[in-house]
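K.L.:
So that we are looking at the same thing, I have put the structure below in structure tokens.
Read-outs: derived from the displayed coordinates by stated rules, not from any lab. Since the model is a prediction, treat every value here as computed from it, not as a measurement. All Cβ positions, even for glycine, are placed from backbone atoms using ideal geometry, and neighbour counts span all protein chains on display.
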Amino acid sequence: MTPKPKAAIFISGRGSNMMALIEASRDADFPVEFTLVVSNDPGAAGLAWAASQGIAALAVDHKPFGKDREAHEREIDAALKAAGIELICLAGYMRILTPYLVGQWAGKMINIHPSLLPKYKGLHTHERAIEAGDSFGGCTVHWVSEGVDDGDIILQAQVPILKGDTPDDLAARVLIEEHKLYPAAVRHLYAR
Ligand code: GRF
């Protein structure tokens with residue numbers, strides 16, 4: 001059997017999307033193997049979980065790099081290349097990437113964003129959707145480009161916004177869809 005392409009997941013926090021991807025990848029027909037989890041926060045809860053699953057968990061703390069974002073990214077980039085990574089899935093990675101890393105991984109880096117892009121790029125997506133009176137919220141998996149949450153859309157899922165929803169209510173409803181959408185999007189990429 002030919003080995004599957006190796007993929008990395010970038011996280012900054014709890015990593016529930018990371019877990020959904022890794023759990024989905026246990027299916028024999030999943031198209032990639034997740035071999036590396038990277039976080040800019042050594043305390044990210046998801047790192048310990050990844051390590052417990054036997055997946056390399058790498059923390060590259062951004063703080064010692066100060067304002068030099070590119071130097072931080074160069075260190076991560078070297079680790080990705082040394083590990084033979086072919087796809088990067090950003091999953092709650094809370095750093096805006098510089099054109100350097102985006103350029104190195106053009107066409108090989110995807111992100112999940114908790115809104116129906118192109119609506120609500122950036123933060124506080126659920127609050128903004130509720131305030132706007134939208135009937136639907138959702139999530140999007142998209143290619144990463146230089147603009148924040150701006151690359152071509154791969155797949156989306158939508159959920160209703162119900163009367164009286166708080167941003168937390170909506171976030172919880174969307175998160176359930178995120179956990180299905182992200183693995184589906186990875187499958188979709190390799191089914192082409
Ligand atoms: C998700 O809602 C994701 O879409 C957003 O940040 C959240 C991360 O959650 N970018 P988790 O760390 O995957 O649990």
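K.L.:
Along the charge dipole of region 108-192, Cβ charges K/R +1 and D/E -1, which of 160, 110, 132 sits furthest on the positive end?
P.N.:
Most positive-ward Cα: 110.
K.L.:
When the chain is modelled as a GNM with alpha-carbon springs shorter than 10 Å, which of 78, 91, 132 fluctuates the most?
P.N.:
Result for the chain, Cα springs under 10 Å: 132 fluctuates most.
K.L.:
Before anything else, pin down the relative contact order of region 3-121: Cα pairs under 8 Å, at least 6 apart, normalised by residue count, whole percent.
P.N.:
Values: 188 pairs, mean separation 35.2, N = 119.
Contact order relative to length: 30 percent.
K.L.:
Let me ask another. Please list, in chain and number order, the residues 5+ apart from residue 159 or on another chain whose amide H is under 5 Å from its amide H, with Hs placed from the backbone.
P.N.:
The answer is 137, 138.
K.L.:
Can you run phi through the Karplus equation (6.51, -1.76, 1.60; θ = phi - 60°) for region 2-10 and list ³J(HN,Hα) in whole Hz, with x for Gly and Pro?
P.N.:
So the J values, rounded to whole Hz, are 5, x, 6, x, 8, 10, 10, 10, 9.
K.L.:
Taking the Cβ of each residue in 159, 148, 38 as the centre, tally the other Cβ atoms inside 10 Å and list the residues starting with the fewest. Walk me through the numbers on the way to the answer.
P.N.:
Working: 159 18, 148 14, 38 25.
Ascending number of Cβ neighbours within 10 Å: 148, 159, 38.
K.L.:
Taking other Cβ within 10 Å of each residue's Cβ, how do 109, 18, 94, 1 sort, fewest first?
P.N.:
Numbers: 109 22, 18 28, 94 15, 1 4.
Final ranking by Cβ density, sparse to dense: 1, 94, 109, 18.
K.L.:
Averaging over every viewing direction, what projected area does the convex hull of the Cα atoms of region 61-192 cover, in nm²? Don't skip to the end; give the middle numbers.
P.N.:
On the way: hull surface 35.1 nm².
Dividing the Cα hull surface by four gives the mean projection, 8.8 nm².
K.L.:
Which of 18, 144, 84 sits farthest toward the positive end of the charge dipole of the chain, with +1 on the Cβ of Lys and Arg and -1 on the Cβ of Asp and Glu?
P.N.:
84
K.L.:
Could you tally up the Lys pairs in the chain with alpha carbons closer than 27 Å? Skip any pair fewer than 8 positions apart unless they're on separate chains.
P.N.:
21
K.L.:
Neighbouring Cβ atoms within 10 Å as the yardstick, rank 74, 14 fewest first.
P.N.:
Details: 74 16, 14 13.
Result, fewest neighbours first: 14, 74.
K.L.:
Using the Karplus equation 6.51 cos²θ - 1.76 cosθ + 1.60 (θ = phi - 60°), what ³J(HN,Hα) coupling, rounded to whole Hz, does each residue of region 160-170 give in order, writing x for Gly and Pro?
P.N.:
Those phi angles translate into x, 9, 9, 4, x, 4, 8, x, 5, 4, 5 Hz.
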